[in-house]
Amino acid sequence: MAILRLVAEGVGPFEKLDLDLSDGTGNPHLGPHIVAGVNGSGKSTALRALAWALDDAGTGFDQGEWWHLIKGRPNPRVALFFGGSKYAGLVAVREVTRHASINISTSWVERMLGQNEGFKRRYLGGSPIASEPNQFLVHRYVLWHERIEPPPLVAAYAPSRALKHLEKPNPAQSRSDPRKDALAFESTVSNEAVQAWLVGLFSKSAIAAKRRRSPEVFDQWLTDLDAGLSAIFKEEVHIDVDYDTPAIEPRVRLRGEALDFSQLPDGVRVLLGWLADFMNRLELAKSEREGVLLIDEVDAHLHPRWQRCVLPALRAALPKVQIIVTTHSPFVITSCREARVHVLERDGNAKFRARPPVDAPFGQSINATMKDIFDVESKFDPQTEEELNEWNRLKRLQAARRLRPDDARRLDELTRVLSERSEELRLIVGAPDGLASLVGGVPESIR
Ligand SMILES: Nc1ncnc2c1ncn2[C@@H]1O[C@H](COP(=O)(O)OP(=O)(O)O)[C@@H](O)[C@H]1O
Ligand SMILES: [Mg+2]
């Protein structure tokens, strides 16, 4: 299951935003889809528009904040087109109109689909907006071909340090509704629910093994979480529990140390929060591990080296989930081979729009990405420019196997000098990563 297309009108800086989230030929594409652009180009608006179309009772979407993004617009509306297996043909529509009539959007959507085939409509309710007496909030799903239950699982996140050490994770605080607060962005991750879920997985796995049943269904989530964490640390990391404490407590095991959640470096804490919270929802939704994960500002709080690992980590941990993120970091944009990049920009008429999507410039230099995506020349000081040019010339000689011993020594020296000068240069010249520099915020004890 995946979202194929998002069309939004009259939201934030957009008169019209049309995001093609397919593979370019109309088939589902799990991404990661990277919505990129400078500050104020509408990245957060795009994700919030998507969430607004799906907002329902209890999903925690911040209507108050959203209201500012559509204020003054005559007819803000959003349509989401789904595809893949049983969700093919599902269209979610939401709009604010001056009429209580529900027929307007249906023809708008039918025009976009280029057909008038009979929609089966299900109106999910609308309500007048108290502060704007002439406007009505009309909310509905338009179902095409067949009724679809349960609705697709979509959860939206922003960077959050919600995970922290809990003295006694309480199994009674586990989550029962996968959609509860799923569209709350900053407060979607629930520390209590995540820890209760992790402790529950270990308990169920142990009980299953004791009864000689397969613990595989529980262990698979833990294996996937380990895969995500290991991809960001670039070495083996395990989620584990301590049971010689007053209560069973989750831990992250790394290099023989067992860290509680308050001891985790910020980047890992944020990533683990997203992953564990979303997996908990996936399990409850019984959706065969399929769903849509939205993350606004996926790079925030992350050291540039971790920005390069965050999408591969999410991809490794959630292989059947469509991932849609926003970022303005060139490190994220160049990090993942499968990614599609959607650049938001101002066109010649000073209107904001989305450029047609392209495959991610995987492996391209940060410099080139800054120029291509943001139209920014990344200028270094003259000495650095000169040394980079020399480094480039020697690299080409090396590739052509024409590097003399003197040149090889000079290349090594330049690689070292440049990589010590700045993080950006270190990434350009590709000096090898070491864990010590990777875990910038990790406690002294495990450095
Ligand atoms: N109601 C509105 N009418 C017109 N423009 C708006 C409205 N609300 C927000 N904007 C514009 O949208 C921009 C915010 O976009 P946002 O999605 O936060 O960008 P990003 O996440 O890329 O930084 C604001 O800078 C403002 O110019
Ligand atoms: Mg933003």
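Numbers below:
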{"quantity": "Residues (under 18 Å from Asn170 (Cβ atoms) and not hydroxyl-bearing (Ser, Thr, Tyr)) located in the range 199-219", "calculated": "Val199, Gly200, Leu201, Phe202, Lys204"}
{"quantity": "Residue match in the range 259-275 (condition: within 20 Å of the chain's Cα centre (by Cα), surrounded by 15 or more Cβ atoms within 10 Å (Cβ to Cβ) and among the charged types (D, E, K, R))", "calculated": "yes"}
{"quantity": "Total residues in the range 36-76, condition in a loop (DSSP other than H, G, I, E, B) and within 10 Å of ligand 2 (Cβ to nearest atom)", "calculated": "5"}
{"quantity": "Residues of the range 294-317 that turn out to be farther than 21 Å from Glu423 by Cβ and surrounded by 24 or more Cβ atoms within 10 Å (Cβ to Cβ), as a count", "calculated": "4"}
{"quantity": "Unique match (being away from ligand 1 (no atom under 11 Å from the Cβ), surrounded by fewer than 24 Cβ atoms within 10 Å (Cβ to Cβ) and closer than 14 Å to Lys16 by Cα) among Ala79, Ala57", "calculated": "Ala79"}
{"quantity": "Conditions (1) of a type in the set (Gly, Ala, Ser); (2) at pLDDT 90 or above; (3) in contact with a Phe, Trp or Tyr (Cβ under 8 Å, 6 or more places away or on another chain); number of the one not met by Gly267", "calculated": "(2)"}
{"quantity": "Answer from Val241, Val298 - the residue that is at pLDDT 90 or above and within 21 Å of the chain's Cα centre (by Cα)", "calculated": "Val298"}
{"quantity": "Selection within the range 195-231 - hydrophobic (A, V, I, L, M, F, W, C), closer than 26 Å to Ala158 by Cα and touching a Pro at 6+ places or on another chain (Cβ under 8 Å)", "calculated": "Ala196, Leu198, Val199, Ala231"}
{"quantity": "Candidate set from the range 267-297 (those that are assigned to a helix (DSSP H, G or I) and over 17 Å from Asp226 (Cα atoms)); member that is nearest to ligand 2 (Cβ to nearest atom)", "calculated": "Arg281"}
{"quantity": "Criterion: within 21 Å of Val189 (Cβ to Cβ), away from ligand 2 (no atom under 16 Å from the Cβ) and not assigned by TED's automatic domain parsing to the domain that holds Asp240 - qualifying residue of Ala350, Ala316", "calculated": "Ala316"}
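The values are calculated or read from the model by the stated rules, or taken from the named source; none is laboratory data. Predicted, not measured: the structure shown is a model, and the values here were computed from it. With ideal geometry, Cβ positions are generated from the backbone for all residues, glycine too; neighbour counts draw on all protein chains shown.
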